[in-house]
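Step one of this worksheet: look at the structure below.
The values are calculated or read from the model by the stated rules, or taken from the named source; none is laboratory data. Quantities reported herein were computed from a predicted structural model and do not represent experimental measurements. Please note: Cβ atoms are built from the backbone with ideal geometry, for glycine as well, and neighbour counts cover all protein chains shown. Heads up: the accessible areas ignore ligands, DNA and RNA and are worked out on the full protein's heavy atoms, side chains in. Shrake-Rupley method; radii C 1.70, N 1.55, O 1.52, S 1.80 Å.
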Amino acid sequence: MRLASLTLRQFRNTGEQAVTFSPGKNLILGKNGQGKTNLLEAIYFLAHTRSHRTASDRELIRAGESQAAVTAVVHPHRFEGQTRLEARMDLDGGGRLKTLFRLNGSPVRSRSQMLGHLPAVSFFNTDLLLLRGSPGDRRRWLDAAIVQMDRRHFDYLADYHKVKTQKNRLLKEPQRLSREHLDVWNRQMASTAARVTVSRLQYLGLLHDPAMVQYLELAAGQEALDWCYIPSFEGKLAAGLTVDELENRLNGILEAMAREEMARQTCLIGPHRDDIRFELGGLDACAYASQGQQRTLVLALKLTELALLSGRLGEPPVLLLDDVMAELDPDRQQYLMDRLDPHIQVFLTTTHLDPRLNPVVHRFVEERSTAVFSVADGETRRVRDGELAV
């Protein structure tokens, strides 16, 4: 997969610009706060139809503007031709936001139709929240990774969210609420929740063994990586659990929890409250792992995610690396670079290229296939050969 070009209009701190990329390695250089991450966020947005930084598309529009747009031209490795992906965000006079996606010029009915046309694996500094952050951070990582492998998961999440929203609305209006009415929504809740949860369990099963191997290589065999999926109800979820089996179990749990949910006026059971417990050497990695161990764990997950997606697609996805070198020691930086498929298109941001402080990135730039871009005040320009001293 190759991202040939990206056009931005009033996106974040960017005015209007078009950038053409190298099919190989692309280094994006600039000081903090200039817009490097915004460039990668725009790519991520078209890949996932969601930002990794905010749940509101409104925040993607440049301050003082009422419209923003992102357009990408993508060339698949295995096929002739190209695909054009577009996203446009508009604020009307009343401040209401509308986001419209187009595929090859035609509007799509659902965001899920955009998925798979620009597969991308990303490693942002915020991904370290996998361990330092909340259960919501871990769920967001997991769901985003699954959607790249199986776009049906996007629809599973959308269906579940609709049911959860309606049920919560009902629970907050006790004057309208009856037990029979709640039972109807609980049956829908069990059905949609089972699909989301089983999809998550299946992906974690695929990820488990190769991620353990990656971590042992990175950590030189010092401790073993493991994890378990923690549902919002008591008990464990067995490997190989089917959707029907979990739906039946959830129906019983939701029935037993009905009085408490009615009293507290909120949904207490469901995948929106689930978590993942990562363990190193049998200890909770969130509580006991050092910063170096946490970074190594996240890197192992990301490299495994990249390998799984490449295998599923038959070609490597785009790789987005946002200033991650600052979070990794030189050995892990080199390990990451050595594990990259030579045919993969890479977008790497950094603040400087001093060979004494950033030797791995310096070598990255010295390779002939690397294109270097400079970002300042939201403007991106290609750095010509001989213009950049490295």
Q) Taking the stated definitions as given, is Pro231 of a type outside the set (A, V, I, L, M, F, W, C) and over 20 Å from Pro135 (Cβ atoms)? A) no
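Looking only at the range 61-76, count how many residues are surrounded by fewer than 16 Cβ atoms within 10 Å (Cβ to Cβ) and in contact with a strand residue (DSSP E or B) (Cβ under 7 Å, 6 or more places away or on another chain).
So in the range 61-76, the residues surrounded by fewer than 16 Cβ atoms within 10 Å (Cβ to Cβ) come out as 63-67.
Now narrow it down to the ones that are in contact with a strand residue (DSSP E or B) (Cβ under 7 Å, 6 or more places away or on another chain): 66-67.
Total satisfying the criteria: 2.
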Q) Quick check: anything in the range 130-152 under 22 Å from the mean Cα position of the chain (by Cα), at pLDDT 95 or above and among the aromatic types (Phe, Trp, Tyr)? A) no
Q) What about Asn26, is it closer than 22 Å to Ala376 by Cβ, at pLDDT below 95, surrounded by fewer than 20 Cβ atoms within 10 Å (Cβ to Cβ) and not charged (D, E, K, R)? A) no
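For a quick check of your reading: which strands (runs of 3 or more DSSP E) sit entirely within the range 264-378 and have at least 3 residues that are touching a residue at least 12 places away in the same chain (Cβ under 8 Å) and over 22 Å from Pro119 (Cβ atoms)? Can you show your working first?
Numbers: elements: 275-280, 318-322, 346-350, 370-376.
Ranges flagged: 275-280, 370-376.
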(Q) Here's a check for you: in the range 372-390, which residue that is modelled with pLDDT of 90 or more and among the aliphatic types (A, V, I, L, M) is nearest to Ala42 (Cα to Cα)? (A) Val375
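So, of the residues in the range 1-23 that are assigned to a loop (DSSP other than H, G, I, E, B) and open to solvent by less than 30 Å² (accessible area, probe 1.4 Å), which turns out to be farthest from Ala120 (Cα to Cα)?
So the first thing to find is which residues in the range 1-23 are assigned to a loop (DSSP other than H, G, I, E, B), and the list is 1, 10, 12-15, 21-23.
Subsequent filtering for residues that are open to solvent by less than 30 Å² (accessible area, probe 1.4 Å) retains 1, 14-15, 21-22.
Working: Met1: 9, Thr14: 22, Gly15: 25, Phe21: 15, Ser22: 16 Å.
Of everything passing the filter in the range 1-23, Gly15 is farthest from Ala120 (Cα to Cα).
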Q. When only residues in the range 117-153 that are out of contact with any Asp or Glu (no Cβ under 7 Å at 6 or more places or on another chain) and open to solvent by 40 Å² or more (accessible area, probe 1.4 Å) count, which is nearest to Asp275 (Cα to Cα)?
A. Ser134
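Taking strands (runs of 3 or more DSSP E) that fall entirely within the range 24-133, which contain at least 2 residues that are within 30 Å of Leu353 (Cα to Cα)? Let's see the steps before the verdict.
Details: elements: 25-29, 67-75, 83-91, 97-103, 120-123.
Here the list reads 25-29, 67-75, 120-123.
Across the range 235-257, what is the total count of residues that are hydrophobic (A, V, I, L, M, F, W, C) and buried (at least 17 other Cβ atoms within 10 Å of the Cβ)?
Narrowing the range 235-257 to residues hydrophobic (A, V, I, L, M, F, W, C): 237-239, 241, 243, 246, 250, 253-254, 256-257.
From what is left, the residues that are buried (at least 17 other Cβ atoms within 10 Å of the Cβ) are 237, 246, 250, 253-254, 257.
Total meeting the criteria: 6.
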(Q) Would you confirm whether or not the range 355-367 contains a residue that is surrounded by 13 or more Cβ atoms within 10 Å (Cβ to Cβ) and either among the hydroxyl-bearing types (Ser, Thr, Tyr) or under 23 Å from the mean Cα position of the chain (by Cα) (or both)? (A) no
**Q.** Residues being without any contact (Cβ under 8 Å) to a residue 40 or more places away in the chain and not charged (D, E, K, R) - total across the range 69-117
**A.** 18
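Step by step: first the residues of the range 258-288, then only those that are of a type in the set (Gly, Ala, Ser) and open to solvent by 20 Å² or more (accessible area, probe 1.4 Å), then the one that is farthest from Phe124 (Cα to Cα). Which residue is that? Walk me through it before giving the result.
Of the residues in the range 258-288, the ones of a type in the set (Gly, Ala, Ser) are 258, 263, 270, 281-282, 285, 287.
So of that shortlist, the ones also open to solvent by 20 Å² or more (accessible area, probe 1.4 Å) come out as 263, 281-282, 287.
Values: Ala263: 40, Gly281: 26, Gly282: 27, Ala287: 21 Å.
Per the criteria, the residue is Ala263.
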Q) How many residues does the range 33-60 contain that are open to solvent by 20 Å² or more (accessible area, probe 1.4 Å) and aromatic (Phe, Trp, Tyr)? A) 1
